[in-house]
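The values are calculated or read from the model by the stated rules, or taken from the named source; none is laboratory data. Computed from a predicted structure; not experimentally measured. As a convention, Cβ positions derive from the backbone with ideal geometry for all residues, glycine included, and neighbour counts pool all protein chains shown.
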Amino acid sequence: MFKSSRLIAGVLPLSALILAACKPAEPLTDHAPAVKVGYYTISEAALTLTTDLPGRTSAYRVAEVRPQVAGILQRRLFTEGSEVKQGQPLYQIDPRTYVAQQARADANLRSAHNLAERYERLLKTRAVSQQQYDDAVAAWKQAAADKQVADINVQYTKVLSPISGRIGRSAMTEGALVTDGQNAAMATVNQLDPIYVDVTQSITRILELKRAIKSGELKSTGSDQAEVSLTLDDGSAYPLAGTLKFSEVSVDQGTGSVTLRAVFPNPDRALLPGMFVHAQVKEGVREGALLVPQQAIIRDSRGVATAWVVTEDNHVEQRDLETLRTVGNAWLVNSGVKPGERVITEGLQHVQPDSLVDAQPATNVELKAAFTAN
């Protein structure tokens, strides 16, 4: 009896397992909740493309002040670092020797002039020969020239500013001996308004732009008068716009680049020669440009840019994008998305292929690109 009970107890669990295995399976249903994501809607518009180029500022005009007569320097007539005007006296050289030479030249001129007039009267009565009269007239003209040189030398004892601008430190002090044609400059004057900004761009990029404009991908903004903006070394934006005025006609053999020169107004003298800056040069206008926020771009193991796109039935699919360049905080793309499509920028970590999503406009996107051509 005891053995029969143990046998029955062992058979019952096995029977239950067999019955459970024979029971038909319940159909599987997808009860996964929709993933909440934020999207950005792609739109197209004309976009002015710019390129950021490093550069240096240089003075619009530079004049080194040098003496044109020799002598002892008596006085410095300017304040170092101040603004000077063209023709303003900067130094005074001892003029006494040149004043004496001027007086002697004046006396010689008067004597030669009187002699020439006397010989002119005597020539009419043939008291002097024509040769004597011609020599007297020549001596008179020579004396006039000597007087003019003496007057100029007296003027040169006062050294004047050749241009208007800001003058630097003085290399000469009172009592120094200066000479005509010396190599060392007494001071340097820089015209700072306007001011030049010289930047370099690779010839490869210039050729690409020419091909894009020729093919119609870009519309030219007029490269000879293109507008240029400026960012200073500390990251602040220079408030005044400049104009591209000059492009070098030859390519640097060492760097393969071309020098571009822009002119900027500088009324407050905020820009000084030698400053490092970044210039944003307008290249052209791209019609129908598509911008995708950087938050939406993912690089796969191949290095290809991809983005998740919300379909019309609120599922997602992954797209490969052809990115051209960054514009502000977005990517300019050539293919992979179309205007009106929604790319995901929030909740990317929870998205899987063909996931059902609850898509709402993103709150983490604020494009910093001028999406309208000027």
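Just one of LEU240, LEU230 is in a loop (DSSP other than H, G, I, E, B) and either within 30 Å of ALA270 (Cα to Cα) or modelled with pLDDT under 70 (or both); which is it?
One residue alone meets the criteria, LEU240.
Among THR323, THR259, THR345, which is surrounded by 15 or more Cβ atoms within 10 Å (Cβ to Cβ) and closer than 30 Å to PRO33 by Cβ?
Every option except THR345 fails the conditions.
Given the options GLY81, GLY175, name the one that is over 18 Å from ALA63 (Cα atoms), within 55 Å of the chain's Cα centre (by Cα), part of a loop (DSSP other than H, G, I, E, B) and in contact (Cβ under 8 Å) with a residue 60 or more places away in the chain.
One residue alone meets the criteria, GLY175.
Okay, residues lined up against (1) at pLDDT 85 or above; (2) in contact with a Ser or Thr (Cβ under 7 Å, 6 or more places away or on another chain):
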{"site": "GLY10", "(1), (2)": "no, no"}
{"site": "ALA34", "(1), (2)": "yes, no"}
{"site": "THR41", "(1), (2)": "yes, no"}
{"site": "THR57", "(1), (2)": "yes, no"}
{"site": "PHE78", "(1), (2)": "yes, no"}
{"site": "GLN88", "(1), (2)": "yes, yes"}
{"site": "THR97", "(1), (2)": "yes, no"}
{"site": "ARG110", "(1), (2)": "yes, no"}
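Where residues in region 302-320 are aliphatic (A, V, I, L, M) and part of a strand (DSSP E or B), which of them is surrounded by the most Cβ atoms within 10 Å (Cβ to Cβ)?
ALA307
State all residues of region 30-78 that are buried (at least 16 other Cβ atoms within 10 Å of the Cβ), hydrophobic (A, V, I, L, M, F, W, C) and in a strand (DSSP E or B); if no residue qualifies, say none.
Result: VAL35, VAL37, LEU47, LEU49, LEU53, ALA59, ALA63, VAL65, LEU73.
Within region 245-301, track down each residue that is touching a strand residue (DSSP E or B) at 6+ places or on another chain (Cβ under 8 Å), in the same structural domain as ILE344 (by TED's automatic domain parsing) and not in a strand (DSSP E or B).
Passing the criteria: GLN294, GLN295, ALA296, ILE297, ASP300.
Kindly indicate whether ILE167 is under 30 Å from PRO267 (Cα atoms), touching a Lys or Arg at 6+ places or on another chain (Cβ under 7 Å) and surrounded by 13 or more Cβ atoms within 10 Å (Cβ to Cβ).
Spelling it out, it is not the case that ILE167 is under 30 Å from PRO267 (Cα atoms), touching a Lys or Arg at 6+ places or on another chain (Cβ under 7 Å) and surrounded by 13 or more Cβ atoms within 10 Å (Cβ to Cβ).
Would you be able to tell me the number of residues in region 84-135 that are in a loop (DSSP other than H, G, I, E, B) and among the basic types (Lys, Arg)?
2
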